[in-house]
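Shown next, in structure tokens, is the structure this report addresses.
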Amino acid sequence: MTRMWAFESDVLVIGGGMAAAWAAISAAREGASVTLVDKGFVGTSGVTATGGPNHWWVPPDPARRETAIRRRLETAYGLADADWMARVIDITWRTLPDLAAYYPFSGDGQGGTYYSGVRGPDYMRGLRRYALALGVRVLDHHPALELLARPDGSIGGAAGYARLQRQSWTARAGAVILATGGCAFRSGLIGSHNNTGDGYLMGVEAGAELSGMEFCVAYSISPAWASTRTLPYTGARFFDAEGRLLDVPSPLAQRDYLCALARAFAQGPVFADLHEAPELLRTVIRKIQPATPTPFERRGLDMFRDRFPVALYGEGTIRGTGGLRITDGACQTSVPGLYAAGDAATRELVAGATSGGGAQNAAWALASGVLAGSGAASLALILGKGGGRHGPLTALGQAGLRPRATSRPVDDQAAIGLARHHILDLDQALWRNAESLATAQAELNAAWAEIQDHRRGDGLGLVAAREAAAMTATARWCNAAALARTESRGMHVRTDAPAAMPAHDGRLLVDGLDRIRTRFETAGTKANAA
């Protein structure tokens, strides 16, 4: 008989990165009892722990904030929201200094404190300590597999599997926050191995919608043998195998930069040269991104003196902008009782159709976590007082857990490989067109049907089965959105529809499992930042 552990809390946070930690902290500060469950170890889990994120940090001067918002709106292609931007900037400014008791912020060189840029490993350790100090119960290596619903359809908990204890668990909660990160489709991107789209799948199974999934064309450049961080390459020169200098635009020209590198990779190996990198970069790289020099040192290379081969690693929805649609100012999804934060939620509200490293992305992770934690705690405490949290719960998980037909072996790696090909392959992603997208959708639908009909995990295999299902499902939603947005906007470029269309100025919503539905957001369905 399989052992089952059951527990309860006001708020259940699923995930272990920056957004999840801030959500748990925020909920606990509101007086809620909080449990945080993660696939990995909270403090080292996710992409933040491997980098040095810089937050969108704008002092509370109206003119400066107005300028910052205006500049960001200019690159959002009509899909961001100025009110949300202002709110995220303000929450970040007010909240980040609260971590000072748990994280040693650096000085700004002028007698003050430098808050905006943080060292990823130390930042995540500090967030863990902060959460524990507030009484958050942290359950490492406890991946969630599915959500649990009350009779009225609202979310009342989740179920999962404890890796180390080899034990199933169920958690009853007044509200649940999905902060599971984005999906990099096992591209090899540093820190992203556990980011497999689990939150998207659980959310859609519960009836939630996604938004902005077409905006997933994001890559980071790293040494060919190991993914690191992209900061050193802002001043790099690139060469082919014959030593000829390649004409590659600045990384600031994101689309042109990626296209130039993609064309070069199609011809053969590409090598980076950092001889001309700023001296300041050489001195600070170990402090702000300590994981970056290590792969070079292990090979006996000096990254600033030796020329070395590079590769592009897909970031998918981690640096893309899509995710679960937010319906109110508390970061609730379209399903009552279910909230989303960080990369699990759409970041279109502050990023629109383009992304980038750190800045608004880090601020969004922090602010959406704070908002989701506060909102979930308020709901849970109200339900607790009125007895609305009790009663039977229904398990919502499907693919990988409860096959619709006879259970039989399914090749997970083939399905994951197909998802990676159709979403991350440079030719597929950078030069989209109706024909290639339609072909991709047919192949992804077939892979999904195979998983949905026949895949069933057992024990630790439950986690692998759900990850394969989530990556396949996420690829279908990304591809379906790219097919439905018959224009070019931001990082989404259609070679057969190169112009932006005014009719497509709204955000594109996606939902559904067997049959995927797409529709453009109307004024009445937009999230209110108030």
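The values are calculated or read from the model by the stated rules, or taken from the named source; none is laboratory data. Keep in mind that this is a model prediction, so the values were computed, not measured. Every residue, glycine among them, receives a Cβ derived from its backbone with ideal geometry; neighbour counts consider all protein chains shown. These accessible areas exclude ligands, DNA and RNA; they are computed on the full protein's heavy atoms, side chains included. Shrake-Rupley method; radii C 1.70, N 1.55, O 1.52, S 1.80 Å.
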Given the rule -39500 (n - 2.57) for each run of at least 4 DSSP H residues, summed and divided by the residues of the chain, what is its mean residue ellipticity at 222 nm, to the nearest 500 deg cm²/dmol? -11000 deg cm²/dmol
Segment 440-486: GluC sites (Glu not before Pro) in DSSP loop, at most 15 other beta carbons within 10 Å: none
Please express the Cα-Cα pair-distance distribution P(r) of segment 1-160 as a list of whole percents, one per 5 Å bin, running from 0 to the bin with the greatest distance. 2, 8, 14, 16, 16, 15, 13, 9, 4, 2, 1, 0, 0
Compute and list, largest first, the equivalent-ellipsoid semi-axes of segment 469-519 from the alpha carbon gyration tensor, each √(5λ) rounded to a whole angstrom. 22, 12, 8
State the percentage of accessible surface on the chain attributable to carbon and sulfur atoms; use a 1.4 Å probe and exclude ligands, DNA and RNA. 52 percent
Considering only MET213, GLY181, GLY153, whose Cα is most displaced toward the positive end of the charge dipole of segment 133-213, charges sitting on Cβ of Lys, Arg (+1) and Asp, Glu (-1)? GLY181
Using a simple charge model, +1 on the beta-carbon of Lys and Arg, -1 on the beta-carbon of Asp and Glu, nothing else, what dipole does segment 229-385 show about its Cα centre, in debye to the nearest 20? 340 debye
What number, in nm² with one decimal, is the all-direction average of the projected area of the convex hull of the alpha-carbon atoms of segment 187-292? 8.7 nm²
Filtered chymotrypsin sites (Phe, Trp or Tyr not before Pro), segment 422-530: DSSP coil and at most 15 other beta carbons within 10 Å: TRP431
Treating the beta-carbon of each Lys and Arg as +1 and of each Asp and Glu as -1, no other charges, what is the dipole magnitude of segment 50-110 about its Cα centre, to the nearest 20 debye? 80 debye
For the charge dipole of the chain, defined by +1 on Lys and Arg C-beta atoms and -1 on Asp and Glu C-beta atoms about the Cα centroid, which residue among ALA330, LEU280, PHE238 has the Cα displaced farthest towards the positive pole? ALA330
Helix by helix through the chain, keep the DSSP H runs that span 24 Å or more along the axis on Cα and average at least -1.0 on Kyte-Doolittle, and give those back in order. 360-386, 434-454, 461-484
Just to verify a number: what accessible area does ARG125 come out at with the full protein assembly present, 1.4 Å probe, Å² rounded to tens? 110 Å²
For segment 233-280, restrict the atom set to alpha-carbon positions and state the Rg and Dmax in Å. 10.8, 34
Sorted from largest down, give the three principal axis spans of the alpha carbons of segment 87-238, whole angstrom values. 57, 41, 36
In square angstrom, rounded to the nearest 10, how much accessible surface does LEU396 have for a 1.4 Å probe? 40 Å²
When DSSP assigns beta bridges and you keep just the ones with both residues in the chain, what percent turn out antiparallel, to the nearest 5? 60 percent
Among ILE416, ASN433, GLN452, pick out the residue whose Cα is farthest towards the positive end of the charge dipole of segment 380-452, where Lys and Arg carry +1 and Asp and Glu carry -1 on C-beta, about the Cα centre. GLN452
Rounded to the nearest 10 Å², what accessible area does LEU379 show when all protein chains are kept and the probe is 1.4 Å? 50 Å²
Cβ-placed point charges (K, R +1; D, E -1), dipole of the chain about Cα centre in debye, nearest 20: 920 debye
Given [x] 75, 52, 49; [y] 68, 59, 49; [z] 74, 59, 48 as candidate values of Cα extents along the principal axes in Å, which corresponds to the one derived from the coordinates? [y]
Estimated Rh, segment 77-136: Kirkwood, alpha-carbon pairs, angstrom: 13.3 Å
Relative to 2.2 N^0.38 Å, what does the C-alpha radius of gyration of segment 261-301 come to as a ratio? Two decimals please. 1.47
Once segment 394-496 is represented by equal point scatterers at the alpha-carbon sites, with solvent omitted, what log10 I(q)/I(0) does the Debye formula produce at q = 0.10, 0.18, 0.21, 0.24 Å⁻¹? -0.31, -0.80, -0.97, -1.15
